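Please treat every number below as a calculation from the coordinates, not as lab data. Quick caveat, the model's predicted, so the values are computed rather than measured. Neighbour counts run over all protein chains shown; Cβ positions are idealised from the backbone, glycine included.
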Amino acid sequence: MSLIHNRRRKLSATALNGTAIASIAAGFITPLAAVSLGVPGARGALKATLFAVAWRAVGSIPRLTARPLLGSLRE
């Protein structure tokens, strides 16, 4: 039973980590890259920075949720 429990925990943690990475890539890296490369239609530097910081925080939530899941693995 503990093998099934551990495997489910690992899969849940992996899914949450993937969600966090996707959120950070879409909302944090992309706007900053667009502004720094001068892409037409990109928001101003201040707006893009605030937007990126907000998405970085949103991306941290699933990652911080995944860590306790791995801490609850059974031996």
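Give me the net charge for the shell around R74: Cβ to Cβ below 13 angstrom, other residues only, Lys and Arg +1, Asp and Glu -1. Don't skip to the end; give the middle numbers.
On the way: positive: R7, R8, R9, K10; negative: E75.
Net charge in that neighbourhood comes out at +3.
Once you reduce region 41-75 and region 2-36 to the center of their Cα atoms, the two points are 9 Å from each other.
Largest mean-square fluctuation among P62, P40, P31, in a Gaussian network model of the chain whose springs join Cα atoms under 10 Å apart, belongs to P40.
Tally Lys/Arg at +1 and Asp/Glu at -1 over every other residue whose Cβ is under 15 Å from the Cβ of A22; what's the total? Show your work: numbers first, answer last.
Working: positive: R56, R63; negative: none.
Computed value for this residue: +2.
Do me a favour and compute the ellipsoid semi-axes for the chain from its Cα gyration tensor, root of five times each eigenvalue, largest one first, whole Å. Write out the running numbers ahead of the final one.
Details: eigenvalues 258, 20, 7 Å².
Semi-axis lengths for the chain are 36, 10, 6 Å.
Here the relative contact order of region 2-71, from alpha carbon pairs under 8 Å that lie six or more residues apart, stands at 48 percent. Note on region 2-71: with charges restricted to the Cβ of Lys and Arg (+1) and Asp and Glu (-1), its dipole about the Cα centre is near 300 debye. With the charge dipole of the chain set up from +1 on Lys and Arg Cβ and -1 on Asp and Glu Cβ about the Cα centre, the Cα lying farthest toward the positive end among the listed residues S36, A48, A25 is that of A25. Note that region 30-42 has calculated 3J(HN,Hα) couplings of 4, x, 5, 5, 4, 5, 5, 8, x, 5, x, x, 6 Hz, one per residue in order, obtained from phi through the Karplus relation 6.51 cos²θ - 1.76 cosθ + 1.60 (θ = phi - 60°); glycine and proline are x.
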